[in-house]
Amino acid sequence: MLKLRHPISLLLIALLILLGVLRTYSTPAPVDADAPDVVFSADRADAILRDLLAEKLPHAAGSPYNRVVRNRVVAHLEAAGYEPEIQSRFHCNPMFGGCSPVENVIAVKPGAKGKYAILLTAHYDSNWAGPGAADDAAGVAAVLEIARMAADFPAFDNDVIFLLTDAEEGGLIGADAFAKHHALFARVKAVINLEARGVAGPSAMFETGEGNRSVIRMLAKNVDRPVANSLTYEVYKRIPNDTDFTIYRNKSVMGVNFAFTQGVALYHSALDDPDHLALGSLQHHGDNAWGMLKAFGERDLTTINHAEDAAYIDIFGLGLSHYPLSIAGGLVLFLGVWAMIAIGLAFRKEFRYRQLRWGLLAIPLLFAALLLGGYLLSWPLGRWPDLHPLEHPHPWVGRLTLFLMLGLVTYGTLKLFTSRVSACAWMVLAWAVVFLLGLVLTSKLPAATYVAVLPLAMFALGSVIDLFRKKSPAPLLMASVLGFATSAFISIYHFFMLDVALNFDRSNIKVIPLYLMALTAMPMLLAYVKRRELTWQPARWLLVAILSGCFVHLLLPGFTAQRPRAMTLMYSETGGAERGYIVLESAYGMPDAAYARSHDFKNRELNDGRLGRVVRPVREIAALGLPAVEIAVGEALAEEGGWRRELVFDAGAGNRYLQLTVPPEIGLQRAWVNGELALDTSIAVKQKRHSLTLRVISPGADPLNVELLTRSADGFTASAVTWQDLPGVLTAPFLGNWPDNARPAFYGPRAELIQEFTVPAAP
Ligand SMILES: [Zn+2]
């Protein structure tokens, strides 16, 4: 019978796998500035970054400080021997309804053949709240350091275009301007984009294009420390996030998109500054981009679009395991049948069909118990303290508590079923479940089949070793151990992967990946405890440990100075109103309740500037009387497909943002700003459009001409919002005792004027 010396060995295997997986989620050491010229050095890139952001201030597109940053980008390219060009225009991306002045910086390293080009790109504008050191000055500094390295490098076959885009934060506007209006884009056949949604962690390759098989092979071969998996890519395709890469991908250009995502509490915050950027992430960005650039450089770029996609996952960041999707079904079938036959042969003497009955109950029960445990723990781990939706500053106590809960449900199942389910019955059922999972994924999500293929493959490999081992202590011991180790890898890898999307308040989902390792450990555990009397005592101790974990976790803060809550003071006024409001704004709707109370903020319903209402903690004051935008509405003109309405906005100087929202009922089809197509509602976006909004970043002092093509002839109410600087006198009384663990994020401090106006019905 299947035997282990001791179950502790399974625990040791799981711990080793955990250490390996933690390598995936860590970064390489930054390379010193005195490293050879052809090696990417994070220290050198960091010096560039600190020069670009010397003042550590936000620099949204079109702002005076963004011009300063742009000039520094140009200076670095010139110092490396390039003759950079600036693509300058007012541009709108009709996909998102965003317009902005755009100043893209472009430099070219000519190739030996020079027919096609590789685009290495990052965006240099920041969001409103912070200097954007990680998002995306790290990408820009990596591109500039690589441009400097490439300058001395012999010419590649292909051209290399270094593109530092502007106005990404306003809706990928600079990238769209390059793709639509720059002659160089026609030759681009491969893109490397560098991004961030956090300030630390590995630079993961999270997005490619359709038919990525060849590119995944290139990634496997040319990147020292690949961090990537095809499930992330599938998930990313379905969530609303976008980067500049979306523009190129939609135009069928192949490529790779890298980003780091740890420290997400600092994303788009005032603390996304050079001092909070992890240099290991910058190093990883640079290593990845340089590795892929050299590979694309010598490659015939007409051959990188393959007919099919690959399934892939990195193994401890040491290498990439990958296979084409067309063989996924065959692999699952072959390995699954192999596993079933191997188990059948090994246990043919002792196996009885009736042994399966209790197993059919126990296997779903283990899953249900795990979900229930996760659900119950989501309260103490997630709901009591105030929590960032994605990140906990001290996650290890919570993680350990979830692992202990896994131990408890596994032990409980073992205790309940030890005399009812034989090890071989559980083994048949467990690997049948993995087999079935593989078959379901083959038809629903083939890119995720590796979840089943890898454990089945290692089980099959182990069974061959078992066959050749002369004196195997037990049938299929090697198969079981290797199958369990690989399952533990899949479990732990995806447990940590979920950190990018969920915090402990969703522990019921966080624990789902852990099922696989419990499922495949059980046959060995059942064999070990056979004819041993199990007591409930260990379960009691585990329960005590879990409760202690919850208690310690509750004492930990949900926010710290290094991982703060997003909280901003802003001022909101509706045109013509006598009262205005100082608002405590929080990106995730969670301002510091104690601070709000002690400073006399009261919850109140406000105009949200998008024809809706929102409840925020506010202090009511006499309206400041912000300078209004003069809005002139022309007569509606009949046109094929609807009615064209012309509006002129004269805001004068001093506004950094103008937003126009119209109600969905009018059937807006297209909108133009100063003659540029600014919104086309027929363009598919990843997320359903909730409101029809036009946004102009840094609109400037001249009147803006807006035309709307609406299907309906009816009159409607529209809303215009402008942003100005927040007068310091308003915020001064609050900043003296502003909480350490709260920092402005996303839109940052501002004074907002909301003007609702009517557009009359067509005559
Ligand atoms: Zn970005």
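Taken over the range 538-593, the criterion of being of a type in the set (Ser, Thr, Tyr) and in contact with a Ser or Thr (Cβ under 9 Å, 6 or more places away or on another chain) is satisfied by SER548, THR568, TYR571, TYR581, SER586. Examine the range 145-162 for a residue that is under 23 Å from the mean Cα position of the chain (by Cα) and either surrounded by fewer than 19 Cβ atoms within 10 Å (Cβ to Cβ) or of a type in the set (A, V, I, L, M, F, W, C) (or both), and state whether such a residue exists. The answer is no, given that none of the residues of the range 145-162 is under 23 Å from the mean Cα position of the chain (by Cα) and either surrounded by fewer than 19 Cβ atoms within 10 Å (Cβ to Cβ) or of a type in the set (A, V, I, L, M, F, W, C) (or both).
Here's the yes/no breakdown for (1) among the β-branched types (Val, Ile, Thr); (2) farther than 24 Å from LEU18 by Cβ; (3) surrounded by 23 or more Cβ atoms within 10 Å (Cβ to Cβ):
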{"residue": "ALA457", "(1), (2), (3)": "no, no, no"}
{"residue": "SER463", "(1), (2), (3)": "no, yes, yes"}
{"residue": "ARG469", "(1), (2), (3)": "no, yes, no"}
{"residue": "ALA488", "(1), (2), (3)": "no, no, yes"}
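The set of residues in the range 33-53 that are in a helix (DSSP H, G or I), buried (at least 22 other Cβ atoms within 10 Å of the Cβ) and not aliphatic (A, V, I, L, M) contains only ARG44. Please verify whether the range 220-235 includes one or more residues that are open to solvent by 40 Å² or more (accessible area, probe 1.4 Å), closer than 27 Å to PHE178 by Cα and either within 16 Å of the ligand (Cβ to nearest atom) or at pLDDT 95 or above (or both). No, the range 220-235 contains no residue that is open to solvent by 40 Å² or more (accessible area, probe 1.4 Å), closer than 27 Å to PHE178 by Cα and either within 16 Å of the ligand (Cβ to nearest atom) or at pLDDT 95 or above (or both).
Residue under question is ARG217, and the condition is that it be on the phi < 0 side of the Ramachandran plot, open to solvent by 40 Å² or more (accessible area, probe 1.4 Å), away from the ligand (no atom under 16 Å from the Cβ) and at pLDDT below 95; does it hold?
no
Does the range 579-595 contain at least one residue that is exposed (fewer than 12 other Cβ atoms within 10 Å of the Cβ) and under 20 Å from GLY407 (Cβ atoms)?
The initial filter retains those residues of the range 579-595 that are exposed (fewer than 12 other Cβ atoms within 10 Å of the Cβ), namely 579, 589, 594.
Going one step further and asking which of them are under 20 Å from GLY407 (Cβ atoms), we end up with none.
No - not one qualifying residue is present in the range 579-595.
Considering only the range 502-514, I want to know if a residue exists there that is open to solvent by 10 Å² or more (accessible area, probe 1.4 Å) and over 30 Å from ASN241 (Cβ atoms). No.
With the structure loaded, tell me whether VAL673 is in contact with a Leu (Cβ under 7 Å, 6 or more places away or on another chain) and surrounded by 20 or more Cβ atoms within 10 Å (Cβ to Cβ) or whether it fails that test. Considered against the rule, which asks whether it is in contact with a Leu (Cβ under 7 Å, 6 or more places away or on another chain) and surrounded by 20 or more Cβ atoms within 10 Å (Cβ to Cβ), VAL673 comes out as yes. Among residues that are near the ligand (Cβ under 10 Å from one of its atoms), over 21 Å from HIS284 (Cα atoms), open to solvent by less than 10 Å² (accessible area, probe 1.4 Å) and touching a helix residue (DSSP H, G or I) at 6+ places or on another chain (Cβ under 8 Å), ASP125 is included.
Looking at the range 236-254, which of its residues are within 16 Å of the ligand (Cβ to nearest atom) and open to solvent by less than 40 Å² (accessible area, probe 1.4 Å)?
The first filter runs over the range 236-254 and keeps only residues within 16 Å of the ligand (Cβ to nearest atom), leaving 236, 239-249.
Residues satisfying the conditions are TYR236, ASP242, THR243, ASP244, PHE245, THR246, ILE247, TYR248.
Of everything in the range 135-162, what is within 14 Å of the ligand (Cβ to nearest atom) and aliphatic (A, V, I, L, M)? Give them in sequence order. Across the range 135-162, the qualifying residues are ALA137, ALA138, VAL140, ALA141, ALA142, VAL143.
Please indicate, with yes or no, whether at least one residue in the range 324-343 is assigned to a loop (DSSP other than H, G, I, E, B), surrounded by fewer than 23 Cβ atoms within 10 Å (Cβ to Cβ) and at negative phi. First the steps, then the outcome.
Residues of the range 324-343 that are assigned to a loop (DSSP other than H, G, I, E, B), as a first pass: none.
The answer is no; no qualifying residue exists.
When the range 169-183 is filtered for residues that are away from the ligand (no atom under 15 Å from the Cβ), among the aliphatic types (A, V, I, L, M) and in contact with a strand residue (DSSP E or B) (Cβ under 6 Å, 6 or more places away or on another chain), only ALA177 remains. Taken over the range 427-455, the criterion of being surrounded by 21 or more Cβ atoms within 10 Å (Cβ to Cβ) and among the small types (Gly, Ala, Ser) is satisfied by ALA430, GLY438, ALA447, ALA448, ALA452. Across the range 194-203, the qualifying residues are those that are part of a loop (DSSP other than H, G, I, E, B) and in contact with a strand residue (DSSP E or B) (Cβ under 7 Å, 6 or more places away or on another chain), and the one among them that is nearest to the ligand (Cβ to nearest atom) is ARG197.
Tell me, please, whether a residue that is buried (at least 17 other Cβ atoms within 10 Å of the Cβ) and either within 24 Å of ALA485 (Cβ to Cβ) or β-branched (Val, Ile, Thr) (or both) can be found in the range 346-356. Yes.
Would the range 164-178 turn up any residue that is surrounded by fewer than 24 Cβ atoms within 10 Å (Cβ to Cβ), over 24 Å from ALA278 (Cα atoms) and over 17 Å from the mean Cα position of the chain (by Cα)? No, every residue in the range 164-178 fails to be surrounded by fewer than 24 Cβ atoms within 10 Å (Cβ to Cβ), over 24 Å from ALA278 (Cα atoms) and over 17 Å from the mean Cα position of the chain (by Cα).
State whether the residues of the range 650-658 include one that is over 20 Å from GLY576 (Cα atoms), modelled with pLDDT of 90 or more and of a type in the set (A, V, I, L, M). No: the range 650-658 contains no residue that is over 20 Å from GLY576 (Cα atoms), modelled with pLDDT of 90 or more and of a type in the set (A, V, I, L, M).
Got at least one residue in the range 244-263 being of a type in the set (Lys, Arg) and more than 21 Å from the chain's Cα centre (by Cα)?
yes
In the range 80-102, the residues that are more than 14 Å from ARG70 (Cα to Cα) and in a strand (DSSP E or B) form Cβ pairs under 8 Å with partners that are aliphatic (A, V, I, L, M) and open to solvent by 20 Å² or more (accessible area, probe 1.4 Å), at six or more places apart or across chains, as follows: CYS92/LEU677.
To keep it simple, each residue is scored yes or no on (1) out of contact with any strand residue (DSSP E or B) (no Cβ under 7 Å at 6 or more places or on another chain); (2) at pLDDT 95 or above; (3) open to solvent by less than 30 Å² (accessible area, probe 1.4 Å).
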| position | (1), (2), (3) |
| --- | --- |
| MET1 | yes, no, no |
| VAL21 | yes, yes, yes |
| TYR25 | yes, yes, no |
| VAL31 | yes, yes, no |
| GLU55 | yes, yes, no |
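Against the condition touching a helix residue (DSSP H, G or I) at 6+ places or on another chain (Cβ under 9 Å) and within 15 Å of the ligand (Cβ to nearest atom), how does GLY130 come out, does it pass? For GLY130, the condition - touching a helix residue (DSSP H, G or I) at 6+ places or on another chain (Cβ under 9 Å) and within 15 Å of the ligand (Cβ to nearest atom) - is met. Restricting the search to strands (runs of 3 or more DSSP E) fully inside the range 558-651 and requiring at least 3 residues that are under 22 Å from ILE697 (Cα atoms) gives 568-574, 630-633, 642-650.
Filtering VAL332, VAL397, VAL337 for residues that are β-branched (Val, Ile, Thr) and within 25 Å of the chain's Cα centre (by Cα) leaves a single hit, VAL397. Every condition in (1) at pLDDT below 95; (2) in a helix (DSSP H, G or I); (3) crowded, with 17+ Cβ neighbours inside 10 Å is met by HIS306 except one, and the failing one is (2).
Exactly one residue out of HIS76, HIS6 is buried (at least 22 other Cβ atoms within 10 Å of the Cβ) and not hydrophobic (A, V, I, L, M, F, W, C), and it is HIS76. Remark: pairs (first residue in the range 278-289, within 15 Å of THR24 (Cβ to Cβ); second residue open to solvent by less than 10 Å² (accessible area, probe 1.4 Å) and part of a helix (DSSP H, G or I); Cβ separation under 7 Å; 6+ apart in sequence or on different chains) = SER281/ALA138.
The values are calculated or read from the model by the stated rules, or taken from the named source; none is laboratory data. What you are looking at is a predicted structure, and each value in this text was computed from that prediction instead of being measured. Here the Cβ is made from the backbone with ideal geometry for all residues, glycine too, and neighbour counts use every protein chain on show. Ligands, DNA and RNA are stripped out before the accessible areas are found, and what is left, the full protein with its side chains, is counted by its heavy atoms. Shrake-Rupley method; radii C 1.70, N 1.55, O 1.52, S 1.80 Å.
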